[in-house]
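The values are calculated or read from the model by the stated rules, or taken from the named source; none is laboratory data. These figures come from a predicted structure and were not determined experimentally. Glycine gets a Cβ as well: all are built from the backbone with ideal geometry, and neighbour counts include every protein chain shown.
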Amino acid sequence: MYRTEIRMARMARKAGNFYVPAEPKLAFVIRIRGINGVSPKLPKVLKLLRLSQIFNGTFVKLNKASINMLRIVEPYIAWGYPNLKSVNELIYKRGYGKINKKRIALTDNSLIAQSLGKCGIICMEDLIHEIYTVGKRFKEANNFLWPFKLSSP
C-alpha cells in the first residue's frame, strides 16, 4: 500500500502534476474517559460507536456522519487510522465474535464461516481484509466483531 502511494506521487511529479492521496476510510476509536455529569447526547453517540466502557475500542467507517459523531465525543475518545498490521494484530490477539448475542473468542475459522458465510467471509483473513479495505460487507463484519476490550496504557 505504502509503495504504491510513493510510486503514484513520483509518476505524477515526473509528469508535472500533483498526487493527492485518498482520504483514509477506516478509523479505530478508543474510549479514554468516563461520562459522569454530561449532556445526554454524549452517551448516545458513544452507544452508537459501541463504546460502552472505558478502554473499549471499535473500527469505524469514516464518512461525514461518523466524523461529526467523533467531533462530538472528541474529549472522551482517542482515534486514528490503523495500518494493516494493527488491524491484523487486534483481530488475532483480542478479537471476539458476536455469536448468538454472546462474546465468543475467534479460535477457528468455522465460527466465522458459520456467522458470516452468507456474506462471503469464511476465514480470519477475509474478515481482516473486509475490515481494513472497508468493503461492501464492512457493516456486517464490524458488527460481528465484539468491541475490543483493551487495557489501560
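Applying the selection to the stretch 84-98, what residues are farther than 13 Å from LYS149 by Cβ and of a type in the set (Lys, Arg)?
Here is the first cut: in the stretch 84-98, the ones farther than 13 Å from LYS149 by Cβ are 84-89, 91-92, 97-98.
Scanning the stretch 84-98 gives LYS85, LYS98.
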Would you confirm, using the coordinates I've provided, whether LYS102 is of a type outside the set (A, V, I, L, M) and over 23 Å from ALA78 (Cα atoms)? yes
Name the strands (runs of 3 or more DSSP E) wholly inside the stretch 14-83 in which the number of residues that are surrounded by fewer than 17 Cβ atoms within 10 Å (Cβ to Cβ), under 17 Å from the mean Cα position of the chain (by Cα) and at pLDDT below 95 is 2 or more. none
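Please determine whether any residue of the stretch 99-120 is under 21 Å from ALA27 (Cα atoms) and surrounded by 14 or more Cβ atoms within 10 Å (Cβ to Cβ). Talk me through it step by step, then tell me what you get.
From the stretch 99-120, those under 21 Å from ALA27 (Cα atoms) are none; that's our starting set.
No, the conditions are met nowhere in the stretch 99-120.
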Is it the case that the stretch 92-102 has a residue that's modelled with pLDDT of 90 or more, outside any helix (DSSP H, G or I), farther than 14 Å from ASN143 by Cβ and under 18 Å from the mean Cα position of the chain (by Cα)? no
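Out of the residues in the stretch 121-153 that are part of a helix (DSSP H, G or I) and over 11 Å from the mean Cα position of the chain (by Cα), state the one that is surrounded by the fewest Cβ atoms within 10 Å (Cβ to Cβ).
Looking only at the stretch 121-153, we keep the residues that are part of a helix (DSSP H, G or I), and these are 124-133, 138-144.
Now drop any that are not over 11 Å from the mean Cα position of the chain (by Cα), which leaves 124-127, 129, 140, 144.
Values: MET124: 18, GLU125: 13, ASP126: 20, LEU127: 26, HIS129: 16, GLU140: 16, PHE144: 23.
Across the stretch 121-153, the extreme among qualifying residues is GLU125.
Mind checking which residues of the stretch 85-98 are in contact (Cβ under 8 Å) with a residue 12 or more places away in the chain and loosely packed, with under 14 Cβ neighbours inside 10 Å?
To start, the set of residues in the stretch 85-98 that are in contact (Cβ under 8 Å) with a residue 12 or more places away in the chain comprises 86-88, 90-92, 94-98.
Correct list: SER86, TYR92.
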